Amino acid sequence: MRNLTYFIACSIDGFIGDPEGDASAMVSLVDAEFFDFLKTEYPETLPTAGRRPLGIDDLPNKRFDTIVQGRRSYDLALKEGITSPYAHMRQYVASRTLGESPDPDVEIISDDLVGRVRALKAEDSAYGIYLCGGAELAGALVDEIDELVIKTYPIVQGSGMPMFAAGFSVTPFTLESHRAFGNGTLVRTYRRQR
Ligand SMILES: NC(=O)c1ccc[n+]([C@@H]2O[C@H](COP(=O)([O-])OP(=O)(O)OC[C@H]3O[C@@H](n4cnc5c(N)ncnc54)[C@H](OP(=O)(O)O)[C@@H]3O)[C@@H](O)[C@H]2O)c1
């Protein structure tokens, strides 16, 4: 089985965006050192449109070859006129309303989300699956998550979109690694205890 990894940016108080989900307060804190970390360790998590102008669109994938995102997260790309935001991976968007995919490279998962993700996890691949978010999709897939990579930016928001939109349930994870950056960002990697 390969891993489903929730790779997510959040505030110190655990929010992944403002109350509507807008994460630009965190994106603006990415400095040269942290961008270099993302480029080196998680190049595939940078969207295609951001890679091209930087001349890094040919960076090989390092950890993931598949991305799953919720329709409202995908909407952010659609609003920019981008139908294939992560062209360097196999792309899945969970949606019961989108119907036909706007792009041949993006597959819509409209039913049996957990079953479809389990099937993806059962595929033979050296690469894992990037669970991009947002909160609702992460809540629907919380029991399938094997690994958490949490990029905690040095801000407190007071309120906002939580990491998971899910019911109360305590799930233990083990801290595998952590790394602090000069700008105060902390990246922690946790593995689900099985
Ligand atoms: N901080 C970060 O790193 C980060 C990363 C990603 C996203 N975000 C933020 O997250 C926000 C979006 O989060 P969100 O919670 O509002 O929405 P979301 O999780 O991105 O998408 C929710 C949508 O996914 C579909 N969905 C959810 N569960 C499903 C299921 N079981 N089967 C089929 N489809 C399902 C539904 O689409 P339909 O309504 O079409 O049925 C639902 O409306 C964005 O504003 C974005 O900025 C932040």
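The values are calculated or read from the model by the stated rules, or taken from the named source; none is laboratory data. Bear in mind the structure is a predicted one, so any value in this text is a computation, not a measurement. Cβ sites come from the backbone with ideal geometry, for glycine too, and all protein chains shown count toward neighbours.
Hey, among the residues in region 133-150 that are more than 7 Å from the ligand (Cβ to nearest atom) and touching a residue at least 40 places away in the same chain (Cβ under 8 Å), which one's farthest from Thr174 (Cα to Cα)?
Leu141
For region 146-177, what are the residues that are aliphatic (A, V, I, L, M) and within 24 Å of Pro19 (Cα to Cα)?
Leu148, Val149, Ile150, Ile155, Val156, Met161, Met163, Ala165, Ala166, Val170
For the structure I just gave you, tell me whether Thr83 is of a type in the set (S, T, N, Q) and touching a Pro at 6+ places or on another chain (Cβ under 6 Å).
Yes; evaluated as a whole, the condition is true for this residue.
Matching residues to (1) at pLDDT 95 or above; (2) part of a loop (DSSP other than H, G, I, E, B); (3) surrounded by 16 or more Cβ atoms within 10 Å (Cβ to Cβ):
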| residue | (1), (2), (3) |
| --- | --- |
| Lys151 | yes, no, yes |
| Pro154 | yes, yes, no |
| Ala166 | yes, yes, yes |
| Ser177 | yes, no, no |
| Val187 | yes, no, yes |
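Would you mind stating whether Glu44 is in contact (Cβ under 8 Å) with a residue 24 or more places away in the chain, away from the ligand (no atom under 13 Å from the Cβ), more than 24 Å from Asp146 (Cβ to Cβ) and of a type in the set (D, E, K, R)?
Criteria not met by Glu44.
Can you tell me how many residues in region 18-70 are of a type in the set (Lys, Arg) and part of a helix (DSSP H, G or I)?
Final tally of qualifying residues: 2.
Are any residues in region 57-68 surrounded by 17 or more Cβ atoms within 10 Å (Cβ to Cβ) and either more than 22 Å from Ala126 (Cβ to Cβ) or among the aliphatic types (A, V, I, L, M) (or both), and if so, which ones?
Ile67, Val68 - these are the residues of region 57-68 that are surrounded by 17 or more Cβ atoms within 10 Å (Cβ to Cβ) and either more than 22 Å from Ala126 (Cβ to Cβ) or among the aliphatic types (A, V, I, L, M) (or both).
Which residue, of Ser110, Ser101, Ser159, Ser169, is touching a strand residue (DSSP E or B) at 6+ places or on another chain (Cβ under 6 Å) and among the small types (Gly, Ala, Ser)?
Ser101
Which of the residues spanning region 21-44 are under 18 Å from Met163 (Cβ atoms), aliphatic (A, V, I, L, M) and surrounded by 13 or more Cβ atoms within 10 Å (Cβ to Cβ)?
Ala23, Ala25, Met26, Leu29
Provide a single number: the residues in region 76-128 that are in a helix (DSSP H, G or I) and either surrounded by fewer than 11 Cβ atoms within 10 Å (Cβ to Cβ) or near the ligand (Cβ under 8 Å from one of its atoms) (or both).
Going through region 76-128 one residue at a time, the tally reaches 7.
Name the pairs: first residue in region 69-86 and over 25 Å from Ile145 (Cβ atoms), second residue of a type in the set (Gly, Ala, Ser) and modelled with pLDDT under 95, Cβ to Cβ under 7 Å, at least 6 apart or on different chains?
Ile82/Ala49
Find all pairs meeting these conditions: Cβ atoms under 8 angstrom apart; at least six residues apart or on different chains; first residue within region 1-24 and closer than 27 Å to Ala119 by Cα; second residue near the ligand (Cβ under 8 Å from one of its atoms) and among the β-branched types (Val, Ile, Thr).
Once the first residue is closer than 27 Å to Ala119 by Cα and sits in region 1-24, its partners that are near the ligand (Cβ under 8 Å from one of its atoms) and among the β-branched types (Val, Ile, Thr) give Ile8/Ile16; Ala9/Ile16.
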